[in-house]
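Below: one structure, written as structure tokens.
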Amino acid sequence: AAAGSLTILAKCRAPHVSIAAGEETFSMALLEAFAALSESGGPVLLTAFENAMPPLLGGSFAAPGPAWPWAAALVLERGGQLEAEPLAAEPAAAPQLDEALQFLRGFCSGAPRFETVAGGRRWRWSRR
């Protein structure tokens, strides 16, 4: 809804997609962004955000909202430096950070490899 409202307001005709996939929204948004990058040649803007549920909806979801609202934007281009590898799902304690924040922490750390966990799935990210 946010993407649609913004593009209507700006009279922008560029393609856009909104993804809602629960705990795995960020990884599914990355997948969609990489598909768009493959099709269009790029660049592709991926935005992610999270905030607390409105009181009207707050009790309807099992997962609590974040401790604080946040937003991030990534510009993806061909020839990027990351590769993703899905790892075997393992029962694990719920991550303390949203998947997008895990990704940003790992990416910004400069580590050669890092992992993210969401919805029972794990991803290993490696720099080329």
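The values are calculated or read from the model by the stated rules, or taken from the named source; none is laboratory data. No experiment lies behind these values; they were computed from the predicted model shown. Virtual Cβ from ideal backbone geometry, glycine too; neighbours counted across all protein chains shown. Please note that ligands, DNA and RNA were not included when accessible areas were found on the heavy atoms of the full protein model with its side chains. Shrake-Rupley method; radii C 1.70, N 1.55, O 1.52, S 1.80 Å.
Residues that are at pLDDT below 90 and open to solvent by 80 Å² or more (accessible area, probe 1.4 Å) within the stretch 87-128 comprise Glu90, Pro91, Ala93, Ala94, Gln96, Arg121, Arg128, listed in sequence order. If I filter the stretch 63-73 for residues that are at pLDDT 80 or above, within 20 Å of Gly119 (Cβ to Cβ) and either among the small types (Gly, Ala, Ser) or under 10 Å from the mean Cα position of the chain (by Cα) (or both), do I get at least one hit? Scanning the stretch 63-73 turns up at least one residue that is at pLDDT 80 or above, within 20 Å of Gly119 (Cβ to Cβ) and either among the small types (Gly, Ala, Ser) or under 10 Å from the mean Cα position of the chain (by Cα) (or both).
Here is the figure for the stretch 6-52: residues that are open to solvent by 60 Å² or more (accessible area, probe 1.4 Å), assigned to a helix (DSSP H, G or I) and either closer than 25 Å to Thr116 by Cβ or among the small types (Gly, Ala, Ser) (or both) total 9.
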